[in-house]
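K.L.:
Encoded as structure tokens, here's the structure I'll be asking about.
The values are calculated or read from the model by the stated rules, or taken from the named source; none is laboratory data. Just so you know, these numbers come straight off a predicted model, no measurement behind them. So basically every Cβ, Gly included, is an ideal-geometry build from the backbone, and we count neighbours across all protein chains shown.
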Amino acid sequence: MENLVSEHIFQRLSELPLLPGVYLMKNSRGKIIYIGKAKVLKNRVRSYFDGREHTGHRAASLMLPHIHDIEWIITESEREALILEANLVRKHTPIYNVRLKDDKHFPYIKVDMRESFPRLEVTRSVKNDGAMYFGPYMGTRVIRQLVDLSARLFKIRECTLKLPAANGKPCLNYHIGRCLGPCANLCDVSEYKENTRKALQLLSGKRDDLITLYEQEMQEASEKFDFETAAKKRDIIFALQTTAAKQKADSADVSLKMDVLAVRRHEKKAVAVILEYRAGVFYGRRHFRLECNLEDDEVEICRQMLPIWYAEETEIPPEIALERDLGESRALLEEMLSERAGRKVNLFVPQRGEKLGFMKLAIANAEMLLVEMAAESKKYDDIEKGVFELQKILELPKAPFRIECADISHLSGSNTVASVVTFKNGRPDKKNYRKFIIKTVEGIDDFASMQEVMSRRLRRLEEEGLELPDLWVCDGGKGQVEATYSILKKLGYEHLPLIGLAKRLEEIVFPRDKPSVILKRTNPALKLLQNARDEAHRFAITYQRSKRKSSLEVKWLDVEGVGRETRIKILSKYRSAEDFLSAPLEDLEQLLGKVRSQKIRAAVQKVVEEE
């Protein structure tokens, strides 16, 4: 073992106690790369370094080269170590632990009871903002049904107005009986809040409680001979029963309250699916994409995931169905979850009946999602490595799958044109190349020309509802980048990632105070930027030459002694025959020479007179 580890690690291993706790592996930069729990710290941590095969993992070969320090936290029991491990993993997200990536694809219903007149808002992300979230739901169809039912039964507003509204007039929903009209002050806050609380009962799956409440109110109205109110209560009861009947086909046991958990992995990718059943109704599906950089099996993934997942849940069901038994960890996890829930929580493996059917459904979901992940990974294989390398180097919030680069080209200040080239997934996307004739700039002014190009390009993207580039690249150093950033800021696009590529050292330059970066010539990120810049330059030069060629074809210069180079000299200064003929002779002599200027001027004069 002495030959496998550094002197510092060897010393730390000798200091490990024979007590339960949590251990933290760190790399050379002091970053935590793995967190684990142990019944006996000394035995568990030393097993990573002594080459024992029966530990059930390949940590010795995968992590050992990166471990430069070890820390540990002693706990009173293995159960406390389990809880601490889950909290620390959530906080630090070490690379070699199973990492949960909550998939926000499915929608939720958000209700903020702090508002005077709350509404049901559809969202695809859950934030710690004090609002209540219900879901996730399998699709928007279920949400539409719930929002519609809440408007019909409880008069919950569907508008997005900031109340009180300025016009003070009720909308159509008020007139058709779907809203209490808070925008026009037609109801008080307490009445609206009471209706909102009933809507929350509906969202929480407590239809039976609502039905019982309305049956009681219907009976009271009947006894008072208020048959109109009793009829309304009857209609509400019928609507609730009808909606419930559509979803009660999931379980024969209406008291069923259970989560069903299944895990599937392939190489370093894994998926965990949780099917939620509440009051016998399939309440929703949550799934996680997992990164598993160690070769943990599905049982170990499940063991690590359970305390992390249920640490964030407000409600832990009394039963959690697993595909396989967790062995010695099961009793420990049950004790921890029971303490959090305030009642007994049972982890079990279903053997028969409808619960086994639920487990098969969860497994099928996990296998389906794993196939989808594999398909996505295959798509990413088609993306140039430079895209992801560029995201890491530039610290971008997302990978620059779409890069746009602009270049300006002119002939001594005339025929100024510009190009914008697009790279998609690291490759030229030629169908999205664009050419521009600069219309508002006279002479040589690349900054003003760039401002016109970016204004026109971004305005067109906005008008057509097209996606903005993930990265904008300009050809030049700090001056060009700062000028371009000022343009973006003026246009309201300062959030758009921007860099420049200076030619002399191929230096990546950022706006404001961020230091520049110089990459190795072989770096795929640098090669991608060079390709984009060179392609923009090529496209602009090609377009400028085509414009130059057409502009050189003017009849008044079709005279003897005027070749291509002479045409370029004349047209760079004089746009028409009138300008040329009215120019001072001294200027022409300086441009063309004394003898040639007189001959060419006379020839041009003759052509003009003949026309």
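K.L.:
Looking at the structure I just gave you, is Glu462 at pLDDT 80 or above, over 17 Å from Val421 (Cβ atoms) and under 24 Å from the mean Cα position of the chain (by Cα)?
P.N.:
yes
Yes or no, residue by residue, for (1) under 21 Å from Leu501 (Cα atoms); (2) in contact (Cβ under 8 Å) with a residue 60 or more places away in the chain:
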site: Glu395; (1), (2): yes, no
site: Ala399; (1), (2): yes, yes
site: Ser409; (1), (2): yes, yes
site: Ile438; (1), (2): no, no
site: Glu442; (1), (2): no, no
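K.L.:
On to the next question. Check the stretch 437-447 and report whether any residue there is surrounded by fewer than 14 Cβ atoms within 10 Å (Cβ to Cβ) and either modelled with pLDDT of 90 or more or closer than 21 Å to Arg533 by Cβ (or both). Quick ask: steps written out before the conclusion?
P.N.:
So the first thing to find is which residues in the stretch 437-447 are surrounded by fewer than 14 Cβ atoms within 10 Å (Cβ to Cβ), and the list is 437, 439-440, 442-444.
Keeping just the survivors that are either modelled with pLDDT of 90 or more or closer than 21 Å to Arg533 by Cβ (or both) gives 444.
Yes, some residue in the stretch 437-447 is surrounded by fewer than 14 Cβ atoms within 10 Å (Cβ to Cβ) and either modelled with pLDDT of 90 or more or closer than 21 Å to Arg533 by Cβ (or both).
K.L.:
Being part of a loop (DSSP other than H, G, I, E, B), modelled with pLDDT of 85 or more, more than 30 Å from the chain's Cα centre (by Cα) and farther than 21 Å from Ala311 by Cα, is that true of even one residue in the stretch 49-63?
P.N.:
No, because not a single residue in the stretch 49-63 is part of a loop (DSSP other than H, G, I, E, B), modelled with pLDDT of 85 or more, more than 30 Å from the chain's Cα centre (by Cα) and farther than 21 Å from Ala311 by Cα.
K.L.:
Name every residue in the stretch 429-453 that is outside any strand (DSSP E or B) and in contact with a strand residue (DSSP E or B) (Cβ under 7 Å, 6 or more places away or on another chain), in order of residue number.
P.N.:
Hits for the stretch 429-453 are Asp429, Asn432, Tyr433, Ile438, Val441, Ile444, Asp446, Ser449, Met450, Val453.
K.L.:
Let me ask something additional. Provide a single number: the residues in the stretch 186-216 that are buried (at least 18 other Cβ atoms within 10 Å of the Cβ) and charged (D, E, K, R).
P.N.:
Of the residues in that region, 2 qualify.
K.L.:
Within the stretch 470-485, can one find any residue that is within 30 Å of Arg567 (Cβ to Cβ) and modelled with pLDDT of 85 or more?
P.N.:
No; the residues of the stretch 470-485 include none that is within 30 Å of Arg567 (Cβ to Cβ) and modelled with pLDDT of 85 or more.
K.L.:
Are any of the residues in the stretch 363-374 of a type in the set (S, T, N, Q), within 25 Å of the chain's Cα centre (by Cα) and farther than 25 Å from Glu80 by Cβ?
P.N.:
yes
K.L.:
Could I ask something else about it? Can you pull out the residues in the stretch 477-487 that are in contact with a helix residue (DSSP H, G or I) (Cβ under 9 Å, 6 or more places away or on another chain), surrounded by fewer than 21 Cβ atoms within 10 Å (Cβ to Cβ) and not hydroxyl-bearing (Ser, Thr, Tyr)? Let's see the steps before the verdict.
P.N.:
Of the stretch 477-487, the ones in contact with a helix residue (DSSP H, G or I) (Cβ under 9 Å, 6 or more places away or on another chain) are 479-480, 483-484, 486-487.
Next cut, surrounded by fewer than 21 Cβ atoms within 10 Å (Cβ to Cβ) only: 479-480, 483, 486.
Selection gives Gly479, Gln480, Ala483.
K.L.:
Right, next: Any chance you could count how many residues in the stretch 495-537 are assigned to a helix (DSSP H, G or I) and in contact (Cβ under 8 Å) with a residue 12 or more places away in the chain?
P.N.:
Adding up the residues that qualify gives 13.
K.L.:
Ok, one more. Report yes if some residue within the stretch 80-89 is part of a loop (DSSP other than H, G, I, E, B) and at pLDDT 80 or above; otherwise report no.
P.N.:
No.
K.L.:
Only one of these is among the β-branched types (Val, Ile, Thr) and either touching a Pro at 6+ places or on another chain (Cβ under 8 Å) or modelled with pLDDT under 75 (or both): Thr196, Thr212. Name it.
P.N.:
Answer to the check: Thr196.
K.L.:
Can you tell me which residue is modelled with the highest pLDDT among those in the stretch 397-428 that are over 25 Å from Glu494 (Cβ atoms) and part of a loop (DSSP other than H, G, I, E, B)?
P.N.:
The residue in question is Gly426.
K.L.:
Is one or more of the residues making up the stretch 92-101 loosely packed, with under 14 Cβ neighbours inside 10 Å and either at pLDDT 85 or above or closer than 17 Å to Thr160 by Cβ (or both)?
P.N.:
No, because not a single residue in the stretch 92-101 is loosely packed, with under 14 Cβ neighbours inside 10 Å and either at pLDDT 85 or above or closer than 17 Å to Thr160 by Cβ (or both).
So that you can scan it fast, the table gives a plain yes or no per residue for (1) more than 27 Å from Lys431 (Cα to Cα); (2) under 27 Å from the mean Cα position of the chain (by Cα):
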site	(1), (2)
Gly500	no, yes
Arg504	yes, no
Glu507	yes, no
Leu526	no, yes
Asp534	no, no
